[in-house]
Amino acid sequence: VYEEIGDLAVLRKLVDDSLEEHDSESKQPMRLVLFMDAIEHVARINRILRLPLGNALLCGVGGSGRKSLCRLACYMADYRQFMIEIAKNYGMVEWREDIKSVLRDTGLKNEPLVFVFDDTQIVTETFLEDINNLLNSGEVPNIWKDDEVGEIYTAMTPVLQQQGVNASKLNMMSEFIRRCKNNLHLVVCMSPIGDDFVTRLRKFPSLVNCCTI
């Protein structure tokens, strides 16, 4: 349901109550002061996440509450949130495994999921290249090994049969990618300070073209 909010006091109470519920259930409570700008941002993020192919680019300096407001919006939308954890030896292998895990949840299990990615987590620029591909086409080229492709085919065969579509390899992969695109919502948090921001937007145009800023 897409409704205009007529009374801001009702909105404030709704968001405050949601934050209170989140903090009572979560192991990582967020002690946020929800002033009006923050509440408006929560409403905007929530609206983006509920749209088909809804992805967001949250632009602000570190510590301005981008990830916290996103977590609250995810909680209000009943979406699971995923973030990578950068450890000492985190590299391309671990990154690709995390991407596969996200695509399995959205494509095979058909579950909506919000993947939050912060510019402090960019160990190598290839991470952004993969994010760019996910935003643009819903897949990362050559990420799956042969046995993993077989797993996708096995899961998609009954889905296509149910739809009355020929279960060819092309159709199975297309259906998997379609489900990934529809269920995966990417939220990229970036700081506008410095030259890196401008350079990255120029190199990876999907950050602008496929996201609501």
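The values are calculated or read from the model by the stated rules, or taken from the named source; none is laboratory data. Note that the coordinates shown come from a computational prediction; the quantities given were computed from them, not determined experimentally. Glycine gets a Cβ as well: all are built from the backbone with ideal geometry, and neighbour counts include every protein chain shown. Side chains are part of the model used for accessible areas, which takes the heavy atoms of the whole protein and leaves out ligands, DNA and RNA. Shrake-Rupley method; radii C 1.70, N 1.55, O 1.52, S 1.80 Å.
Of these, N55, N46, which one is among the polar types (S, T, N, Q), open to solvent by less than 70 Å² (accessible area, probe 1.4 Å), free of Cβ contacts under 8 Å to residues at least 60 places away in the same chain and within 25 Å of R178 (Cα to Cα)?
N46
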Output yes when any residue across the range 84-96 is out of contact with any strand residue (DSSP E or B) (no Cβ under 8 Å at 6 or more places or on another chain), surrounded by 20 or more Cβ atoms within 10 Å (Cβ to Cβ) and either farther than 30 Å from E3 by Cβ or touching a residue at least 60 places away in the same chain (Cβ under 8 Å) (or both), and no when none is. no
Return a yes/no flag: does the range 152-172 have any residue that is in contact with a Gly (Cβ under 6 Å, 6 or more places away or on another chain), in a helix (DSSP H, G or I) and open to solvent by less than 40 Å² (accessible area, probe 1.4 Å). no
Which condition breaks for D118 when tested against (1) of a type in the set (D, E, K, R); (2) surrounded by 15 or more Cβ atoms within 10 Å (Cβ to Cβ); (3) touching a Pro at 6+ places or on another chain (Cβ under 9 Å)? (3)
The correct count of residues that are assigned to a loop (DSSP other than H, G, I, E, B) and open to solvent by 60 Å² or more (accessible area, probe 1.4 Å) in the range 71-82 is 1
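Residue under question is N142, and the condition is that it be open to solvent by 40 Å² or more (accessible area, probe 1.4 Å) and either under 30 Å from V15 (Cα atoms) or among the polar types (S, T, N, Q) (or both); does it hold? Can you show your working first?
Details: open to solvent by 40 Å² or more (accessible area, probe 1.4 Å): yes; either under 30 Å from V15 (Cα atoms) or among the polar types (S, T, N, Q) (or both): yes.
It is true that N142 is open to solvent by 40 Å² or more (accessible area, probe 1.4 Å) and either under 30 Å from V15 (Cα atoms) or among the polar types (S, T, N, Q) (or both).
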Open to solvent by less than 20 Å² (accessible area, probe 1.4 Å) and under 20 Å from the mean Cα position of the chain (by Cα): does that describe V123? no
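Collect the residues in the range 191-209 that are in a loop (DSSP other than H, G, I, E, B) and open to solvent by less than 40 Å² (accessible area, probe 1.4 Å), keeping them in residue-number order.
Answer for the range 191-209, where residues must be in a loop (DSSP other than H, G, I, E, B) and open to solvent by less than 40 Å² (accessible area, probe 1.4 Å): S191, F204.
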Go through the range 151-191 and give me each residue that's farther than 20 Å from D105 by Cα and either touching a strand residue (DSSP E or B) at 6+ places or on another chain (Cβ under 9 Å) or of a type in the set (A, V, I, L, M, F, W, C) (or both). V165, A167, L170, C189, M190, S191
So is A38 of a type in the set (G, A, S) and within 25 Å of E111 (Cα to Cα) or not? no
Exactly one of E20, E25, E4 is open to solvent by 90 Å² or more (accessible area, probe 1.4 Å) and either closer than 29 Å to L135 by Cα or under 20 Å from the mean Cα position of the chain (by Cα) (or both), and that one is E4
Pair list, Cβ under 7 Å, 6 or more apart: the range 141-168 residue within 29 Å of V93 (Cα to Cα), other residue open to solvent by less than 70 Å² (accessible area, probe 1.4 Å) and not hydrophobic (A, V, I, L, M, F, W, C): P141/N133; I143/R96; I143/K100; M156/E175
Condition first: more than 13 Å from G65 (Cα to Cα), out of contact with any helix residue (DSSP H, G or I) (no Cβ under 9 Å at 6 or more places or on another chain) and β-branched (V, I, T). Now tell me which residues in the range 1-47 satisfy that. V1, V10
Name the residues in the range 61-70 that are over 12 Å from the mean Cα position of the chain (by Cα) and either under 21 Å from H22 (Cβ atoms) or not in a loop (DSSP other than H, G, I, E, B) (or both), would you? G63, S64, G65, R66, S68, L69
